């Protein structure tokens with residue numbers, strides 16, 4: 001009688017191990033996103049000095065009636081040592097990227113620490129989406145202000 005509970009526990013353990021191994025081999029596990037996805041930002045242009053102009057918004061609340069408006073701001077980010085490519089991996093020059101953005105608000109992808117765009121994300125975006133690969137820390141989206149907090 002003491003063997004049956006041990007055999008049952010061994011079979012359950014064996015089943016769990018085989019289920020974990022099968023999960024690792026499943027197509028779902030292979031297509032899951034990586035830990036650090038690229039950031040989606042909005043660029044308005046690339047200036048003559050080679051700075052990427054990123055768009056951000058700050059909501060300004062006036063008085064106690066709840067009146068508000070969005071204040072559009074622009075942040076300059078230097079493109080020194082930044083690699084620019086399409087989602088497909090085609091490298092672009094600063095001039096070519098400047099022409100693609102052409103003064104209109106354009107969604108772009110940014111990655112930090114020279115991380116290439118993982119395959120998982122290549123199917124999620126249009127093939128001509130610009131991907132800026134920064135050599136160190138990449139800029140991040142500044143969240144829109146919460147109405148219950150004062151202007152920062």
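The values are calculated or read from the model by the stated rules, or taken from the named source; none is laboratory data. A quick note: this is a predicted structure, and the numbers were derived from the prediction, not measured. A quick note on method: Cβ atoms are made from the backbone with ideal geometry, for glycine too, and the neighbour counts reach across all protein chains shown.
Within the stretch 54-88, the residues that satisfy the criterion of being closer than 27 Å to residue 118 by Cβ and either without any contact (Cβ under 8 Å) to a residue 24 or more places away in the chain or in contact with a helix residue (DSSP H, G or I) (Cβ under 8 Å, 6 or more places away or on another chain) (or both) are 79, 84, 87, 88.
Matching residues to (1) over 18 Å from residue 46 (Cβ atoms); (2) surrounded by fewer than 13 Cβ atoms within 10 Å (Cβ to Cβ):
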residue	(1), (2)
67	yes, yes
78	no, yes
82	no, no
101	no, no
113	yes, yes
118	yes, no
129	no, no
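Filtering the stretch 97-143 to residues that are part of a strand (DSSP E or B) and modelled with pLDDT under 90 leaves nothing.
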